[in-house]
Amino acid sequence: MRVGIDVGGTHTDAVLMDQTTVVAEIKTATTHDVTGGVVTALRRLLAAGRVDRARITAVMIGTTHFTNALVTGRGLAPTAVVRLALPATAALPPLVDWPHRLLTAIRPSVHLCDGGHEFDGRPISPLNPEQLKRVAAAIEASGIRSVAVSSVFSPVNTELEEQAAAILRAELPYLHISLSHQIGRVGLVERENATVVNACLRDLADDIVEAFEQALRTVGVAAPLFLSQNDGTLMDADHCRRYPVATFASGPTNSMRGAAFLADRADCAVVDIGGTTTDVGVLTGGYPRAATGEVDIGGVRTNFRMPDVLSIGLGGGSHVTHALGYRPGTEYGPNRRQGWCGDGRGEADRHGGADSRGEADRNGGADRRGGRDRHGGSDGYGGSGRQGGRDRHGGSDGYGGSGRQGGAGRQASRDGLAVGPQSVGYQLTEQALVFGGSVLTATDLAVAAGLADIGDPALVRHLDPDLVRRGIDWMAARVADLVERMRVSAAPLPVIIVGGGSVLMPAELPGIPSVHRPEHHAVANAIGAAIGQIGGDVDRLFAITATHTREDVLDQARTEAVERAVAAGAARDTVDVVEIDEVHVGYLPGNAVRVRVKAVGDLDLARHSRTEEEPQWVTP
């Protein structure tokens, strides 16, 4: 039996599965320390399932710990950054585009050194061991224990990063060293940023993994621990300690995988509605479609793998505002003071934006700060830079690109009604009207409309039926619009709706030909974690020559992907290549091609630790 747990911003969901059967499921409120909620969820789940703890073979957890740490800037370790590139790249030093709050949090020590390669593997300059020894001395003097090493075109040739790591470890054996070719893709600045993010989370990863393992011990479960990755696969606890950045966006990924499993569909759109946000993604071959461009995480541009997800601030705990000017947070229950605003507009200004940024802004989300404003386009933070369109500056959880924010705040209807993005979050059971609170939420609308049986329906009978109808229609239209924007072809795209907040949606969505809400939809994210497999992927540049043909390149990439899956814990005889993509890179000299290969296999529970893993240059 497997246990799957997904920790969200509002709820912690858990399921107990016997092969493909859901034996028990529970949903609890996420606690402030998060780990406490995991213990509570495990205890309630095991009590509901009435199974012998010895029968549990593995526990899979999807967590938001690391995303939250980067977004808030808390718990990050001081980090040294070593770039191997001189005499190139000096004009654009490491961390040049990082937010000040994160620079303050990680207190970086930056070092530019000789090294690097051209795209075809030719060296830019030789490595200088004495130079790196001086860097090690500076790192020791600063008291830093975590180091990020990057080299120009290291995905093509890894040797300089590995040699530099060996020199640094020889000088300072206690260092935690993250190498960029193991984390990011082609693109120096973005890959380097991803590596620094990983490095500054290393100490936190040790604490979080230990806390999860302690939670299992507390409830008497001796099964091995695995954590969800953002590509729909799993990694064991040791792998998570080395690569905590791989957990980013694992929540939406788990929901999509769980939805595909429950609905028995491999190609579809998945709408996951939680207590705070709504995430829309597309499954291809049973796995989330990957984001192809840069990914913004907490204001940092990165380029490691992430699912292509469109996110908006709409969930069960979302505040409801309307044309009469109701302000979120004021009393709104029966016999309570109404939260009217004097000018009749309320917090959502009459143009539908989240704030009144000027009279010229009348578009309800796509503000007119310029076609290529500072959040996109010219500096690469977003796509077109339109905050109300497909802006990539970040969703409610702080990541963009893969977590593209679906609009600029509260995209109100013509009459001013809007739902979200503010949310009561995990305080839903305290603040929503149906639970005796004083805040009008999306859940209250769903209960008043008869879509959900939650709390006390008598507490929302006073709501204006027209307001309830318009609120439900508004939410349905917003979700349908997100699905439409995720389509890449004219073919109809079936939709699966999951998540605890799925009760907000009516049986049909405007313009959507097929809508499914499978059994156990409320805990699809936990099911996605429980059914996870082990994966390995390759994303690098190759040079095709007369002696190294296209077939040779693809065979090499396939072999590397399979070996990485096996090293990560997959049973070799179950590993299959599920994705191959090749793109010729015309802007590089020669016959360069970028090849991406993903291999996936079943979890090999016979070995709980990897014995065939490639050197990671990280001190255990």
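The values are calculated or read from the model by the stated rules, or taken from the named source; none is laboratory data. The model shown is predicted, which means the values in this text are computed figures rather than measured ones. Heads up, the Cβs are rebuilt from the backbone with ideal geometry, glycines too, and the neighbour counts pull from every protein chain shown. Protein only, heavy atoms only, side chains kept; ligands, DNA and RNA dropped before computing areas. Shrake-Rupley method; radii C 1.70, N 1.55, O 1.52, S 1.80 Å.
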Check: Within the set of pairs 6+ apart or on separate chains, which have a first residue in the range 547-559 that is under 15 Å from Asp120 (Cβ atoms) and assigned by TED's automatic domain parsing to the domain that holds Asp576, a second that is open to solvent by less than 60 Å² (accessible area, probe 1.4 Å) and of a type outside the set (A, V, I, L, M), and C-beta atoms under 6 Å apart?
Finding: Val553/Phe542
Notebook entry, point to check: Of the residues Asp279, Asp231, Asp236, Asp264, which single one is closer than 21 Å to Thr64 by Cβ, more than 12 Å from the chain's Cα centre (by Cα) and acidic (Asp, Glu)?
Noted result: Asp236
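Just for the range 97-136: of the residues that are small (Gly, Ala, Ser) and not in a helix (DSSP H, G or I), which one is surrounded by the fewest Cβ atoms within 10 Å (Cβ to Cβ)?
At the first step, the residues of the range 97-136 found to be small (Gly, Ala, Ser) are 105, 109, 115-116, 121, 125, 136.
Retained after the next criterion (residues that are not in a helix (DSSP H, G or I)): 109, 115-116, 121, 125.
Details: Ser109: 18, Gly115: 29, Gly116: 25, Gly121: 12, Ser125: 17.
Once the filter is applied, the top-ranked residue is Gly121.
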Note to self: Quick check on the range 543-560. Is at least one of its residues surrounded by fewer than 15 Cβ atoms within 10 Å (Cβ to Cβ) and closer than 19 Å to Gln182 by Cα?
What the structure shows: yes
Margin query: Suppose we filter Arg169, Arg191 for residues that are assigned to a helix (DSSP H, G or I), of a type in the set (Lys, Arg), touching a residue at least 60 places away in the same chain (Cβ under 8 Å) and open to solvent by less than 20 Å² (accessible area, probe 1.4 Å); which single one remains?
Written below: Arg191
Next item on the list: Inspect all residues belonging to the range 247-268 and state whether any of them is open to solvent by 20 Å² or more (accessible area, probe 1.4 Å), under 18 Å from Ala14 (Cα atoms), part of a helix (DSSP H, G or I) and in contact with a Leu (Cβ under 9 Å, 6 or more places away or on another chain).
Entry: yes
Notebook entry, point to check: Quick one: is Ser150 within 15 Å of Val81 (Cα to Cα) and surrounded by fewer than 20 Cβ atoms within 10 Å (Cβ to Cβ)?
Noted result: no
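Restricting to the range 564-581, and then to whatever is assigned to a strand (DSSP E or B) and open to solvent by 60 Å² or more (accessible area, probe 1.4 Å), can you tell me which residue is farthest from Arg540 (Cα to Cα)?
Keep residues of the range 564-581 that are assigned to a strand (DSSP E or B), which gives 570, 576-581.
If we keep only those that are open to solvent by 60 Å² or more (accessible area, probe 1.4 Å) as well, we get 576, 578-580.
Values: Asp576: 20, Val578: 17, Glu579: 14, Ile580: 12 Å.
The extreme case among them is Asp576.
Taking Leu175, is it at pLDDT 90 or above and touching a Ser or Thr at 6+ places or on another chain (Cβ under 9 Å)?
yes
For the range 76-106, how many residues meet the condition of being among the charged types (D, E, K, R) and in contact with a helix residue (DSSP H, G or I) (Cβ under 8 Å, 6 or more places away or on another chain)? Full working, then the answer.
Taking the range 76-106 as the starting set, the residues that turn out to be among the charged types (D, E, K, R) are 83, 97, 101.
If we keep only those that are in contact with a helix residue (DSSP H, G or I) (Cβ under 8 Å, 6 or more places away or on another chain) too, we end up with 83, 97.
Within the range 76-106, residues that are among the charged types (D, E, K, R) and in contact with a helix residue (DSSP H, G or I) (Cβ under 8 Å, 6 or more places away or on another chain) number 2.
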Next item on the list: Select, from Gly293, Gly274, Gly220, Gly285, the only residue that is open to solvent by 10 Å² or more (accessible area, probe 1.4 Å), closer than 25 Å to Arg101 by Cα and more than 14 Å from the chain's Cα centre (by Cα).
Entry: Gly293
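Is it the case that the range 489-497 has a residue that's under 30 Å from Asp236 (Cα atoms) and surrounded by 17 or more Cβ atoms within 10 Å (Cβ to Cβ)? Talk me through it step by step, then tell me what you get.
From the range 489-497, those under 30 Å from Asp236 (Cα atoms) are 496-497; that's our starting set.
Within this subset, residues satisfying the condition of being surrounded by 17 or more Cβ atoms within 10 Å (Cβ to Cβ) are 496-497.
Scanning the range 489-497 turns up at least one residue that is under 30 Å from Asp236 (Cα atoms) and surrounded by 17 or more Cβ atoms within 10 Å (Cβ to Cβ).
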